[in-house]
Amino acid sequence: MSDDKKKQPDNIQPTTDNLTIGILGGGQLGQMMTMAAKKMGHRVVIYDVVPGGPAASVADEMIVAPFEDEKALKNFANKVDLITLEFENIPIATLEFLAALRPLHPAPNVVRICQDRIFEKEFLQSHGIPVAPFCVVRSAEELVGAKKILQADTILKTATLGYDGKGQVAIKAGASSEELSQAWDSLRTERAVLEKKVKFQAEGSIIVARSRRGEIAAFPPQENEHVRGILDVSRAPARFSKKVLDQAESLGKKIAESLNVVGLITVEFFVLPDETIMVNELAPRPHNSGHHTIESSATSQFEQAVRAVTGAPLGSTKLIQTAIMLNLLGDLWKTGEPDWKPFLDQPNIFLHLYGKKEAKPGRKMGHVTFVGEKFTEMESTEGMKNFLETQGPFCN
Ligand code: AMP
């Protein structure tokens, strides 16, 4: 599209056809969002700092340049009608630069809150949304001085750039000053949150879409299990009480509206023994725990993200089939490519491999989704049984 024909920021019609969407980030979330966008007739240009990520193989075009490269950013903006993102660790200056050139969803201020655990917790607290008791820590001395919260087991988390359990250290109740100093030094950060370790009965997440028109739709929550801080298994529908499901939906919608987000917001939460919920983390994008929606739901989370940012009507979030999603981490490649046969000849099993060249421990290489009627039936299918016997548990 030539520059003079390019639609200007406030001039995009809420249409589903023939837009060029720019996506910041070329990982597997970008790949799946690209596939959804292309299915809807859009073009996609990816911008990332490294070449050859999973999205590169499916996008129409990819720009590889640093996030600080204004010339490359301008070139990217000139090629697209609107911009969205697949991960939140992008410099705010980059997002502000792009937002001045093209509509950018979610807005820089939403990303600013979601990319920093301190801002995120302060935002949630200021809206009366329950979070684990925490305090902000900026030095070893401050950590040693946080006497009250340190009476319980805690987790020290870097304010920024932590993901999949990285940038976190567990601290036992009553740790010595020396142990605390070591914990602080191990994080190599200047800002962190010290959070009380929560005794939860389950973990869940809810994905809420809010469109350019202000339309809002929540997917039913899923139930998640983590191993070593990394998502291992998601089940939908979550086996939570109605009370928990209702709380998740109302908190999810409240957060989406308070943030004024356009796109998706994923809310990860703990379910406490008394059936109240506490928010752990926000992500302003599609989420690993929502991958099952590709097969299980009327609209996938990726299509919903595209609909939300383009201003198309949101799709139905109805869960059509019960689903279990298992993450495939690089650990499974320890002795070479795993045997995928059990997954390839079953109608209810969907294998997704992201095409990453190098398998590293903890690296998300793909996922597999089982759909069916009941969890117990799915767990006893040949594919899942074989997998559990020969490969599982997934995060070992
Ligand atoms: P996060 O990186 O904050 O999403 O944490 C990853 C996982 O670590 C969570 O899904 C939980 O399983 C666990 N975790 C994180 N924070 C806490 C906490 N305050 N209490 C108990 N478990 C936690």
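The values are calculated or read from the model by the stated rules, or taken from the named source; none is laboratory data. Because the structure is a prediction, the values reported are computed rather than measured. Heads up, the Cβs are rebuilt from the backbone with ideal geometry, glycines too, and the neighbour counts pull from every protein chain shown.
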- Query: Name the pairs: first residue in region 321-342 and over 29 Å from P221 (Cβ atoms), second residue crowded, with 16+ Cβ neighbours inside 10 Å and of a type in the set (S, T, Y), Cβ to Cβ under 8 Å, at least 6 apart or on different chains?
  - Reply: none
- Selected residue (criterion: nearest to E195 (Cα to Cα)) from residues of region 260-287 that are within 12 Å of the ligand (Cβ to nearest atom) and assigned to a loop (DSSP other than H, G, I, E, B): L272
- Query: Condition test on E225, is it farther than 29 Å from N18 by Cβ and within 16 Å of the ligand (Cβ to nearest atom)?
  - Reply: yes
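Sort out which residues of region 126-163 are of a type in the set (K, R) and within 15 Å of the ligand (Cβ to nearest atom), and write them in order of number.
Initially, region 126-163 is screened for residues of a type in the set (K, R), giving 138, 147-148, 157.
Scanning region 126-163 gives a single hit, K157.
More than 17 Å from A72 (Cα to Cα) and at pLDDT 90 or above: is that true of Q8 in this structure?
On the way: more than 17 Å from A72 (Cα to Cα): yes; at pLDDT 90 or above: no.
Here the answer is no, as Q8 does not meet what is asked.
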- Which members of region 165-192 meet the condition of being within 14 Å of the ligand (Cβ to nearest atom) and more than 20 Å from F119 (Cβ to Cβ)? G165, V169, A170, I171, K172, A173
